[in-house]
């Protein structure tokens, strides 16, 4: 019998709760702490319903928890790189929602910390597994889509969108 990996969650908004529900459904993992500076009664209730025993507004409570082995970072984008660095400094594996940051230097700093610590880091970017996205990427790279200036794809659809729902602007803007 295996011992579940103890997880801390940073961010209990829509995507944080989605990931938390998924993680909580797997016996290999146990969420033991969660934090969100915007914690409200609904978020707290949802976290408690998943069996998360410790919920706080302070992210440091997650990092300071002695049993945390990995963090799920689903907080505001501006916090991602700092949280990755903190995870690396504590030798805690991390899953982070995309993007790592909006600033290249901060991304590089976070990735240097990961490389130095050798923690496992995974970035959540569901589109890379989407067959329609992959097909569009192939068409663009083969020059069969013309000059693409903008590509928009629908979000928050419970099933994969058909290719016809993608909007592509070709040519000059």
Would you compute the Debye intensity of segment 5-124 from its alpha-carbon atoms alone, equal scatterers and no solvent, and pass along log10 I(q)/I(0) at q = 0.13, 0.14, 0.16, 0.21 Å⁻¹ to two decimals?
-0.43, -0.51, -0.66, -1.13
Can you give the FRET efficiency to the nearest 0.05 for residue 115 and residue 26, using r as the Cβ-Cβ distance and R₀ = 25 Å?
0.35
Pseudo-spin-label distance residue 14 to residue 38, built 7 Å along Cα→Cβ, given in nm, is 1.1 nm
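Quick check: residue separation of residue 45 and residue 108 times 0.36 nm, minus the Cα distance between them. What number comes out in nm?
Numbers: separation 63, 0.36 × 63 = 22.68 nm, distance 3.66 nm.
Once the chain is fully extended between residue 45 and residue 108, it gains 19.0 nm.
With a Förster radius of 45 Å, plug the Cβ-Cβ distance of residue 138 and residue 3 into 1/(1 + (r/R0)^6) and report the FRET value to the nearest 0.05. Mind dumping the intermediate values first?
Numbers: r = 43 Å, r/R0 = 0.95.
Approximately 0.60, to the nearest 0.05.
At a Förster distance of 25 Å, what's the computed FRET efficiency of residue 130 paired with residue 76, Cβ-Cβ distance as r, to 0.05? Mind dumping the intermediate values first?
Values: r = 24 Å, r/R0 = 0.97.
That pair, residue 130 with residue 76, gives E of 0.55.
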Sorted largest first, the Cα spans of segment 17-62 on the principal axes come out in Å as 27, 21, 15
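Computed from the coordinates by the stated procedures, all read-outs in this text should not be read as laboratory data. Since the model is a prediction, treat every value here as computed from it, not as a measurement. No Cβ is skipped: glycine too gets one built from the backbone with ideal geometry, and neighbour counts run over all protein chains shown.
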